[in-house]
Amino acid sequence: MKSWFKSGAPWIWMTAGAVSISLISVIGLLLLIASRGLSYFWPSDIYQFGVNTQTGQSYTVIGEIYDRELVPTQRLIEAGIKFDNIQGEEVERLLVKTGNREFVELDFQWILSPEITQSDTPSGLAVFERSKNGNFYGFVEAVIADGKRIVENKEAALEQAIERAVELNDLALDLQNDEIGAINYELERLRLKQRKYELEGTLTAEKVQELYDRRAELNLEYREYEKQLFAYRNQAKRDEVIVKDMRGELVSLPMNYILDVAFPNDMNFFGKVARYGKQISKFIFDDPREANTEGGVFPAIFGTVFMVMLMAVIVTPFGVIAAIYLHEYAGNSAVTKIIRIAVINLAGVPSIVYGVFGLGFFVYMFGGSLDQLFYPEALPGPTFGTPGVMWSALTLAILTLPVVIVSTEEGLSRIPGSLRQGSLALGATKAETLWRIVIPMASPAIMTGLILAVARAAGEVAPLMLVGVVKMAPTLPVDGNFPFVHLDRKFMHLGFHIYDVGFQSPNVEAARPLVYATSFLLVTVIVALNITAIGIRNHLREKYKALEH
Amino acid sequence: MSQISSNGLKTDSKRLFKDQFAKYGVMTGGVLVLCALLLIFFYLLYVVKPVFNAAHIEPRSSVSTMANKYVAVGIEEQTEIAFGLTDKGMVDFYNVKGSGTGKLITSVDANIDDNIIAFSSSAPHQGQYAYLNEHGEITVIKPSFRVAFPNDVRTLTPVITYPFGEQPTPALDLPAGEARNILSRGEKTNFAFATDENAIGIVYKTANDDVIFSRLESEEDMFTDELSWTSYQSDLNFVTGTIQQLLISPDASRLFVVTDKHIYVANSRDGEDVQLLYTVDVGRNAATITTAKLLAGANSLMVGYSDGYIGQWFETNSADGRAFIQSRHFQMAVDTEDKAVVAIYPEFYRRTFTAVTKSGEANIFHTTSEAELWQGQLVDQAILDFEFSPRSNAIVIYSAKGLSVFKIENEHPEVSWSGLWQEVWYEGYPEADYIWQSSSASDDFESKFSLVPISFGTLKAAMYAMMFAVPIGLAAAVYTAYFMAPSVRKIVKPTVEIMEALPTVILGFLAGLWLAPVIEEHLPGVVLLLILLPLSVFITAFIWHNLPTKVRNKVPAGWDSIILLPIVVIVGWTSFALSPLVELWLFNGNTRLFITNDLGITFDQRNSLIVGIAMGFAVIPTIFSIAEDAVFSVPKTLSSGSLALGATQWQTLVKVVLLTASPGIFSAVMMGLGRAVGETMIVLMATGNTPIMDWSIFEGMRTLSANIAVEMPESEVGSSHYRILFLAAFVLFIFTFFFNTIAEFVRQRLREKYSSL
């Protein structure tokens, strides 16, 4: 034993333990996010509990089991809950999501297991997804479609009615976003045009008339669309469904708020899988609802991708040129050393400092000057002098510059010198060698750098909070109105969405699964990008190794 | 033939030009990186710098020809119009900006009967002036400015408004024929008033040196809209000595009577029962009190003495209840013989004030920053009145020469280098302290900008993170680089790289919403894990050591960490599963209650432990990859030599490999520290973000970076708050610049050393 200690073997094992801890924490973390994020979409059974409390009240609770935990009996007794018939040191309690937000105080309810007298998953229990007030759970009693009360075959009738209402709602939404949105956009542009003429002093009566005519025309059009919009909305309101909720009361739900219905207790495994897939696609392609705590994350995905692409366009040329300079042109001079230290420092400066710099320099100074020069008609309202997607992309471009530089330089250093010398010996200039030989060979390394930069930018939140991200952007940065790409707009971002929904939302409990799902989405994208980059890099190393021989 | 060669030459020169062009283009691109860094540095500095600028005053205009003598002057918000009030109730408005400077715009008669015996002005932000007539009736007037935009040009029209009606309001119940004091400048001190929405408080000194307080309360008749006044009056018979100044707080709740040696502070909420709260002896040997004034916010009383000393007094909590104490003092820094402070003039909302001497020397101070902002002589005559403009960008002075308007640049008087980094005694606090409290709902809030608590929080968070990350990161790096089988290493390295790539927002979210409640529930489990984990590794190692060689040979060398994987998982699970039992056994079933009640330690759910673990997790990969690189690149010849000489693996590692790689390991720790210091999202989400100074592991903190993220979006551009947040960013920049540069420098040296080996 003593000699074993002396050999140092236990210490080696200890260092090995550190590796194990790191591995377990990474893998555990990924598994945690995956399991929590993916299970959110699974249609879980809806339970009906008969509850009989210690104080003698009895009632029914309908909902999904959301969480279970063990509570020490002692703590419950301290909290003033009486126990006569319960033994053991711990009691299980269930967190039940009961929905029906407009009729109960809280849509989540804790129930102590010993108080449950009866528990089953009756057939015919429906969960309604609604655009307001969250889910509704209950038994469908009747469907009122087109004024007729349908009791027979009501599931089919319900599905039909929902489909119709959803379609009408979609039509109304499209009309509102596209046609009416375009009119509003043009009206705003006309206002700015008039202001511009005013500022230039070229506003003649003729122009005023022209603008006035166009405005009248637009207003007329607008009234047409508005009529149509109200028509759609009224039609969507036509049907309703009568549901018996957990209080045993009949509630009428207007069809225009219902988005979907499901009967998870009656589904078989494949039915559930189908619904699971549907829920995931809704999560990815829908807009968020109810202060981001429900619905999908499409605008956040779009915003993230758009900003990151914009950033990639900016950062790649600069990063590659800087790397080429450092590796191909710069000697071992003091300036080069300083530039290398600058690169390392750019990589090490906290991201929030970039945010502060971006806000002060890009947004207020640069953007403010742009507004003075090119958008005086909109002042004092800022155009570019306010946080927006362009400034975010620029800020993140500086932030990720070192990533591209380091990765490209590594690729350049692995290209054997013989190739360069061969090209030069054949009479090519240095620039030609670079352009024809070196850069094409280094392009996978550049790609790696770009992928890593994109992965880094996609996960960065702190600077974006200052230079352009918002919790809810009414419009995407790309739409059908001229000039189609709006770089001055604010945008939504997956990372910020996680922070905002997880920490700033009014109902954290309800939003938590959504945060896990969003996290899973973000982690998947980033891990996939990183694995791709690592793969390319390893492949490249093998290839160059082969070249050297 | 010649044509071909010239053609060839042409292409050659074109190619050469392209080559040169590419060379300079690429060079510019490279230097741009350096420029980016310098730009960030200098831009941050550029925004921060104005905070430390001294106040600057320059004359703007003056109005000399005046027939009237004024008892008070003022200037409106746009600094376009200055006004003066006469003792007869006339208000003259002068244009002091743009064309027509110096012209009398209008002279308005406030229609106050001419038996005026006293005059006083309210706190600057209320902008009211009161005249008291010999019947003891008061008239309150307020010079106002109507804004209109005829033909798109902004015009200001001065008017006089009467907040409490044009008719004098009976205020004092004076004995007949008593107060025939004739109004003159020097006696502005024997009358003070303050107004609320429907109440007026008046304090007045009669000719026989009695001090009377009267509180008027109005009630509006529902039908006729007429105001009816009820008056509550009391004699302040506790005052003795020569009264130098009577003061009343703007909400009429506090009375201050300043005699030549004493301050009397009384509660005047109840007009019929004024209670004396404090009597303070403020005599300073031969020096006597010459003047006193309330600062903006009405918490601080500035007391000026005959020797140029100015003391700041306020109410605060002390060991024996509330007390009225002196916090700090200023000394007039004027060249004249007579340093006596004849008057003190406060700003509208900030804690800046001007003290003037008899000869017209002025000295501008700020209490919070204890800064002397400006000193000099603005007019070469006695200053009769001195007022700041509402935005504190202009001063109007009334002297025998007339009205003089000055431009003053004094954007950030509340910030000083010492105020940011040293203890400051804020108003209402019992002692000097480090406090960060940047904003509040009221205009006259005293901002508390101490960077110490948030810098402390940054270091605390970084320290806990490093405590977690350094041992694990370094140990893992050493093992991976030196002992691990290459096949395992191929998997471990990318896994750690992925760990580095995980967005911190996700780590922060998990730490705040998942880890914090889990750890709060299982505190004993965490302690248990800390003990059981190393123990179980030891035991495993020992069992492994004693296993038959046959079994041991089945697993290749360098797979130890893989063998340990299930052990760590089982031990981790067991410790948390045992946690409730330990809790019941040791802490009566509730560790958290035990900590707060029995140990008396504050416990936050989102505490330093959580931050340490979460941020440690973020820092481990940084430390790991650099340290691993350093250890791995130690030449094999060194370790082989050591092993050949009979040293064990461990001895070789400690005495040869680690020693050689130590600069690299140092640089890894530096880089890790740099990352921990600047990390934002994790601390933002995993702590409560309260700027407290406490090393306790169970309490949270607020870091520089989180502070920026929280407060930057709502700070006003160009304000002191905005610039101090930039300063916080600059501090972070310098901090990480320092660590990174050291680390990089050490690494470059190391690389050169290895290449020579």
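Please work out if B:A441 is out of contact with any Ser or Thr (no Cβ under 9 Å at 6 or more places or on another chain) and not assigned by TED's automatic domain parsing to the domain that holds B:L295.
Values: out of contact with any Ser or Thr (no Cβ under 9 Å at 6 or more places or on another chain): yes; not assigned by TED's automatic domain parsing to the domain that holds B:L295: yes.
Yes, satisfied.
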Practice task
Check off (1) buried (at least 19 other Cβ atoms within 10 Å of the Cβ); (2) in the same structural domain as A:L94 (by TED's automatic domain parsing) for A:L23 and give me the number that stays unchecked.
Solution key: (2)
Exercise for the section: State which residue is nearest to the other protein chains (Cβ to nearest Cβ) when the search covers only the range A:392-407 and only residues that are of a type outside the set (A, V, I, L, M, F, W, C) and under 16 Å from A:T448 (Cα atoms). Expected result: A:P402
Exercise for the section: Run B:G308 past the list (1) within 29 Å of B:T169 (Cα to Cα); (2) modelled with pLDDT of 85 or more; (3) not aromatic (F, W, Y) and report the number of the one that doesn't hold. Expected result: (1)
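Tell me yes or no: at least one residue of the range B:332-344 is among the hydroxyl-bearing types (S, T, Y) and under 30 Å from the mean Cα position of the chain (by Cα). Give the steps one after another, and end with the answer.
Taking the range B:332-344 as the starting set, the residues that turn out to be among the hydroxyl-bearing types (S, T, Y) are B:336.
Add one more test, that the residue is under 30 Å from the mean Cα position of the chain (by Cα), and what stays is none.
There is no residue in the range B:332-344 that is among the hydroxyl-bearing types (S, T, Y) and under 30 Å from the mean Cα position of the chain (by Cα).
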Practice task
All but one of (1) facing chain A (nearest Cβ under 9 Å); (2) out of contact with any Asp or Glu (no Cβ under 7 Å at 6 or more places or on another chain) hold for B:R723, so report the exception by its number.
Solution key: (1)
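For (1) touching a strand residue (DSSP E or B) at 6+ places or on another chain (Cβ under 7 Å); (2) surrounded by fewer than 21 Cβ atoms within 10 Å (Cβ to Cβ); (3) modelled with pLDDT of 55 or more; (4) closer than 18 Å to B:H135 by Cβ, each residue gets a yes or a no:
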| site | (1), (2), (3), (4) |
| --- | --- |
| B:Q167 | no, yes, yes, yes |
| B:A171 | yes, no, yes, yes |
| B:E178 | no, yes, no, yes |
| B:L183 | yes, yes, no, yes |
| B:G186 | no, yes, no, no |
| B:N198 | yes, yes, yes, no |
| B:G201 | yes, no, yes, no |
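So which of A:Y516, A:Y499 is in the same structural domain as A:L419 (by TED's automatic domain parsing) and in contact with a Lys or Arg (Cβ under 7 Å, 6 or more places away or on another chain)?
Selected residue: A:Y516, the only one of A:Y516, A:Y499 that is in the same structural domain as A:L419 (by TED's automatic domain parsing) and in contact with a Lys or Arg (Cβ under 7 Å, 6 or more places away or on another chain).
Among residues belonging to the range A:416-431 that are part of a helix (DSSP H, G or I) and out of contact with any helix residue (DSSP H, G or I) (no Cβ under 7 Å at 6 or more places or on another chain), point out the one that is farthest from the other protein chains (Cβ to nearest Cβ).
Of all residues in the range A:416-431, those part of a helix (DSSP H, G or I) come to A:417-425, A:430-431.
Checking the rest, the ones that are also out of contact with any helix residue (DSSP H, G or I) (no Cβ under 7 Å at 6 or more places or on another chain) come to A:417-418, A:421-422, A:425.
Details: A:G417: 16, A:S418: 21, A:Q421: 17, A:G422: 17, A:A425: 16 Å.
Selected residue: A:S418.
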Handout entry: Qualifying position, being among the β-branched types (V, I, T) and modelled with pLDDT under 90, among B:I383, B:I454, B:I408
Key = B:I383
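Restricting the range B:435-460 to residues that are of a type in the set (S, T, Y) and crowded, with 19+ Cβ neighbours inside 10 Å, which is farthest from B:I734 (Cα to Cα)? Walk me through how you get there before you give the answer.
Step one: filter the range B:435-460 for residues of a type in the set (S, T, Y), giving B:438-440, B:442, B:447, B:450, B:455, B:458.
Narrowing further to those that are crowded, with 19+ Cβ neighbours inside 10 Å: B:438, B:447, B:450, B:455, B:458.
Numbers: B:S438: 23, B:S447: 25, B:S450: 18, B:S455: 13, B:T458: 14 Å.
Only one residue tops the list, namely B:S447.
For the condition within 14 Å of another protein chain (Cβ to nearest Cβ), under 30 Å from A:R420 (Cα atoms) and free of Cβ contacts under 8 Å to residues at least 24 places away in the same chain, what is the one hit in A:I339, A:I324, A:I344? Don't jump to the end; show me each part of the working.
On the way: A:I324 fails: free of Cβ contacts under 8 Å to residues at least 24 places away in the same chain; A:I344 fails: free of Cβ contacts under 8 Å to residues at least 24 places away in the same chain.
Among A:I339, A:I324, A:I344, only A:I339 is within 14 Å of another protein chain (Cβ to nearest Cβ), under 30 Å from A:R420 (Cα atoms) and free of Cβ contacts under 8 Å to residues at least 24 places away in the same chain.
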Problem - the range B:265-322, subset outside any strand (DSSP E or B) and aliphatic (A, V, I, L, M), residue surrounded by the fewest Cβ atoms within 10 Å (Cβ to Cβ) - result: B:A319
Problem - Sole exception among (1) surrounded by 18 or more Cβ atoms within 10 Å (Cβ to Cβ); (2) away from every other protein chain (no Cβ under 12 Å) for A:I81, by number - result: (1)
Handout entry: Members of the range B:101-126 found to be loosely packed, with under 15 Cβ neighbours inside 10 Å and under 26 Å from B:T206 (Cα atoms), listed by number
Key = B:N111, B:D113, B:D114, B:N115
Exercise for the section: Output the number of the condition that B:A511 fails; it satisfies all remaining conditions of (1) under 29 Å from A:M1 (Cβ atoms); (2) more than 9 Å from chain A (Cβ to nearest Cβ); (3) at pLDDT 90 or above. Expected result: (1)
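A quick yes/no check of all residues on (1) of a type in the set (K, R); (2) within 30 Å of A:K278 (Cα to Cα); (3) in contact with a strand residue (DSSP E or B) (Cβ under 8 Å, 6 or more places away or on another chain):
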{"position": "A:L38", "(1), (2), (3)": "no, yes, no"}
{"position": "A:S44", "(1), (2), (3)": "no, yes, yes"}
{"position": "A:T55", "(1), (2), (3)": "no, no, no"}
{"position": "A:Y59", "(1), (2), (3)": "no, no, yes"}
{"position": "A:I65", "(1), (2), (3)": "no, yes, yes"}
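With the structure loaded, tell me whether B:F509 is touching a residue at least 12 places away in the same chain (Cβ under 8 Å), aromatic (F, W, Y), assigned by TED's automatic domain parsing to the domain that holds B:E583 and in a helix (DSSP H, G or I) or whether it fails that test. Break it down stepwise before answering.
Working: touching a residue at least 12 places away in the same chain (Cβ under 8 Å): yes; aromatic (F, W, Y): yes; assigned by TED's automatic domain parsing to the domain that holds B:E583: yes; in a helix (DSSP H, G or I): yes.
So B:F509 fits the description; yes.
What strands (runs of 3 or more DSSP E), lying completely within the range B:16-122, carry at least 2 residues that are over 30 Å from B:V717 (Cα atoms) and touching a residue at least 60 places away in the same chain (Cβ under 8 Å)? Spell out the reasoning first.
Details: elements: B:56-63, B:70-75, B:81-86, B:90-95, B:104-109, B:116-121.
The strands (runs of 3 or more DSSP E) meeting that bar are B:56-63, B:70-75, B:81-86, B:90-95, B:116-121.
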Exercise for the section: Kindly list, by first and then second residue, each pair from a residue in the range B:219-231 that is over 18 Å from B:I138 (Cβ atoms) to a residue that is modelled with pLDDT of 75 or more, limited to pairs with Cβ atoms under 7 Å and residues at least 6 apart or on different chains. Expected result: B:D221/B:S228
Exercise for the section: Return a yes/no flag: does the range B:635-643 have any residue that is modelled with pLDDT of 90 or more and touching a Gly at 6+ places or on another chain (Cβ under 6 Å). Expected result: no
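Give the residues of the range A:407-428 that are among the β-branched types (V, I, T) and at pLDDT below 90, sorted by residue number. First the steps, then the outcome.
Taking the range A:407-428 first, the residues among the β-branched types (V, I, T) are A:408, A:415.
The answer is A:I415, and nothing else.
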Practice task
Quick one: count up the residues across the range A:113-166 that are in a strand (DSSP E or B) and among the charged types (D, E, K, R).
Solution key: 6
Problem - Unique match (being more than 7 Å from chain B (Cβ to nearest Cβ), assigned to a helix (DSSP H, G or I) and farther than 22 Å from B:N546 by Cα) among A:S35, A:S25 - result: A:S35
Problem - Matching option when the condition is of a type outside the set (D, E, K, R) and facing another protein chain (nearest Cβ under 10 Å), among B:I620, B:I626 - result: B:I620
Fill in the blank from the handout: Within the range B:207-231, the residues that are closer than 27 Å to B:P124 by Cβ and not acidic (D, E) are B:V211, B:I212, B:F213, B:S214, B:R215, B:L216, B:S218, B:L227, B:W229, B:S231
Completion exercise
(1) over 28 Å from B:R489 (Cα atoms); (2) in a loop (DSSP other than H, G, I, E, B) all hold for B:I519 apart from (2)
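Given the options B:G89, B:G98, name the one that is surrounded by 16 or more Cβ atoms within 10 Å (Cβ to Cβ), touching an Asp or Glu at 6+ places or on another chain (Cβ under 9 Å), closer than 24 Å to B:E387 by Cβ and more than 10 Å from chain A (Cβ to nearest Cβ).
Numbers: B:G98 fails: surrounded by 16 or more Cβ atoms within 10 Å (Cβ to Cβ).
Of B:G89, B:G98, the one residue that is surrounded by 16 or more Cβ atoms within 10 Å (Cβ to Cβ), touching an Asp or Glu at 6+ places or on another chain (Cβ under 9 Å), closer than 24 Å to B:E387 by Cβ and more than 10 Å from chain A (Cβ to nearest Cβ) is B:G89.
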Exercise for the section: For residues that are surrounded by fewer than 20 Cβ atoms within 10 Å (Cβ to Cβ) and either closer than 13 Å to B:A72 by Cβ or without any contact (Cβ under 8 Å) to a residue 12 or more places away in the chain (or both), tally how many sit in the range B:129-144. Expected result: 1
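The values are calculated or read from the model by the stated rules, or taken from the named source; none is laboratory data. Just so it is clear, the model here is predicted, and its values are computed rather than measured. Note that we place each Cβ from the backbone using ideal geometry, even for glycine, and neighbour counts take in every protein chain shown.
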